[in-house]
Amino acid sequence: MRKKAALHNLGCKVNAYETEAMRQLLEKAGYEIVPFEPGADVYVINTCTVTNIADRKSRQMLHKARKLNPDAIVVAAGCYVETANGQAQQDSAIDIVLGNNQKKDIIEALQVFEEKQRDGKMEGAAWTLERETDINHTKEYEQLSIDRSEVRTRADIKVQDGCNQFCTYCVIPFARGRVRSRMVEDVLQEVHALAKSGCREIVLTGIHLSSYGTDLGTSLLELICAVHEEEGISRIRLGSLEPGIVTEEFAQTLASLPKFCPHFHLSLQSGCDTVLKRMNRRYTAEEFHAKCELLRRTFQRPAITTDVIVGFPGETEEEFAVTEEFLRILQLYETHIFKYSRRQGTRAAVMPDQITERVKGERSDRLIALGEENRVRFEQSWLGHRVTVLPEEEIEVDGKRYLTGYTKEYIRVAIPAGQGAANTEQSGILRMGPAAHLLLLD
């Protein structure tokens, strides 16, 4: 009888990619992949540590797995176990701990663990597969890959790991280590395999994507141009970028690539220079604004989205008001708002004037409301214009069936069922849609 494995992912697109890669490794090793429910022999939780809430959710899912089957093997992988200061190894819910450069070794880890169990060599603490160097000294890129996407239409591809920035609020450099880039040849091989499986859109992702290639003597722009040559792919999209990567050359080159999607997620974090400086962000609000204007000059109504942290230590009401007004002026497509989370080991954790949760909540609510206004304004600016949509899935709204997909600017669009096919681009004029966040292709 085939063993059953269930996986659960927490966190970012990079984590999601790694979870899918582990799922495919388990399949190739003969495991049956089952839902995260009672009955699995192995539970794999790819953890996250970006906030205190992420830590808590990681622990909750690990303990849930143990309750689903007390006799199963529970594997804790990823960022939480790298930064938990040994807590994961002492957690009775966990059997195996896999660090962020060990996910490729999940089959070996399971085999060795089972051998130790049979030989009666397992002790109380969770077992960890030995590695030559810890994550903070790793220089090798972990070779994980996928050959198909569950979405099928679109696939995220991890091309870079680690971060050298050390923003004062962020624990990720300690969880992911220093910058490591994937060889261009390996990326192209994976892109080709995904195209053969029917995938039409590629999303290049990384922990600090803008630094891709700095360790290889190449650049993200060169990688994008190389991926653009793959005939089976019709779209290329990017993950989160640092504003500094946006130059005239960068923008003009991307604008010359027909497959490139003008959807830019530029990480802001604050619109106030004094807060940016305390965060160790390496730009000013004026410089960020200039990058947005450069993109808007180069592309026709590009989608620009961002992240903002509210309640950073010492953020006064006046500093917050500067950020709020800055976002009002920028009028970005979408703004993802995060309340500052105090992370042990970061410089911001010991800064004076920590902000209360009540104040963080109030500021978050204000920016979320503003962000919703900007989203609606951007989407409505496209009404009456011709767009191209890549349909992904079929849904039902008010008793009617629709195919849904995204424009190159990542606007979600509905197409009446029967007027198109999934995974085949459709063009038409945008009209008001049948539901919120869903315009209609006419």
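A short reminder: the numbers here are calculations on the coordinates, not readings from a lab. These figures come from a predicted structure and were not determined experimentally. We place every Cβ from the backbone using ideal geometry, glycine too, and count neighbours over all the protein chains shown.
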Quiz item: Taking Rh as the Kirkwood radius computed over C-alpha pairs, what is the Stokes-Einstein D of the range 256-362 at 37 °C in a medium of viscosity 0.692 mPa s, expressed in µm² per second?
Solution: 220
Quiz prompt | Spin-label pair Asp119/Arg148, simplified geometry with 7 Å Cα→Cβ offset, distance in nm | solution = 3.7
Quiz item: Roughly speaking, what is the centre-to-centre gap between the range 391-442 and the range 154-177 when only Cα atoms are used, to the nearest Å?
Solution: 34
Quiz item: Taking the range 133-188 on its own, what percent of its Cα-Cα pair distances exceed 14 Å?
Solution: 60
Quiz item: If the chain between Glu396 and Thr356 were fully stretched, how many nm would it gain, using 0.36 nm times the residue separation less the Cα-Cα distance?
Solution: 10.1 nm
Quiz item: Using the alpha-carbon centroid of each, what span in Å lies between the range 243-316 and the range 26-66?
Solution: 35
Quiz item: Dividing the alpha-carbon radius of gyration of the range 273-317 by 2.2 N^0.38 Å (N being the number of residues), what value is obtained?
Solution: 1.40
Quiz item: Projected onto the charge dipole of the range 135-241 (+1 at Lys/Arg Cβ, -1 at Asp/Glu Cβ, origin at the Cα centre), which of Ala175, Leu223, Ala195 gives the Cα projection farthest towards the positive end?
Solution: Ala175
Quiz item: Which of Cys12, Cys225, Cys261 comes first, and how do the rest follow, when ranked by fewest Cβ neighbours within 10 Å?
Solution: Cys225, Cys12, Cys261
Quiz item: Excluding same-chain residues fewer than 8 positions from Lys196, which lysines have a Cα within less than 18 Å of its Cα?
Solution: Lys259
Quiz prompt | Gained length - Asp365 relative to Gln165, 0.36 nm times residue gap less alpha-carbon distance | solution = 69.1 nm
Quiz item: Extent of the range 1-138 along each principal axis, from alpha carbon coordinates, in Å, largest to smallest?
Solution: 39, 30, 27
Practice problem: Return the ratio Rg/(2.2 N^0.38 Å) for the range 386-441, where Rg is computed over Cα atoms only. | Solution: 0.96
Quiz item: Which of the peptides 191-199, 96-104 is most tightly packed, and how do the rest follow, judged by the mean count of other Cβ atoms within 10 Å per residue?
Solution: 96-104, 191-199
Exercise. Under 1.5 on a/c is rounded, so check that first for the range 135-241, then, if it is not, pick prolate when a/b is larger than b/c and oblate when it is not; a ≥ b ≥ c are the square roots of the alpha carbon gyration tensor eigenvalues.
Key: prolate
Quiz item: What 222 nm value per residue comes from the helices of the chain, counting each DSSP H run with n ≥ 4 as -39,500 (n - 2.57) and dividing by all residues, nearest 500 deg cm²/dmol?
Solution: -10500 deg cm²/dmol
Exercise. Convert 37 °C to kelvin, take the viscosity as 0.692 mPa s, use the Kirkwood radius over C-alpha pairs of the chain as Rh, and evaluate the Stokes-Einstein diffusion coefficient in µm²/s, rounded to a whole number.
Key: 141
Quiz item: For the pair Arg431 and Ala349, what calculated FRET efficiency results from E = 1/(1 + (r/R0)^6), where r is the Cβ-Cβ distance and R0 = 41 Å, to the nearest 0.05?
Solution: 0.25
Quiz prompt | When each of Lys57/Lys360; Lys339/Lys408; Lys4/Lys103; Lys103/Lys339; Lys13/Lys104; Lys3/Lys103 is checked by Cα-Cα distance, pairs over 25 Å | solution = Lys339/Lys408; Lys103/Lys339
Practice problem: Tell me, for the chain, which Cys residues have no other cysteine's C-beta sitting closer than 4.7 Å. | Solution: Cys12, Cys48, Cys79, Cys163, Cys199, Cys225, Cys261, Cys272, Cys292
Practice problem: Report the equivalent ellipsoid semi-axes for the range 327-442 in whole Å, largest first, defined as the square roots of five times the eigenvalues of the gyration tensor built from alpha carbon atoms. | Solution: 38, 15, 13
Quiz item: Based on the Cβ-Cβ distance of Thr133 and Asp442, what FRET efficiency does E = 1/(1 + (r/R0)^6) give at R0 = 51 Å, to the nearest 0.05?
Solution: 0.35
Quiz item: With charges set only on the Cβ (+1 for Lys and Arg, -1 for Asp and Glu), what does the dipole of the range 135-241 come to about its Cα centre, in debye to the nearest 20?
Solution: 340
Quiz item: Which percentage, to the nearest 5, of the DSSP beta bridges contained in the chain is antiparallel?
Solution: 35
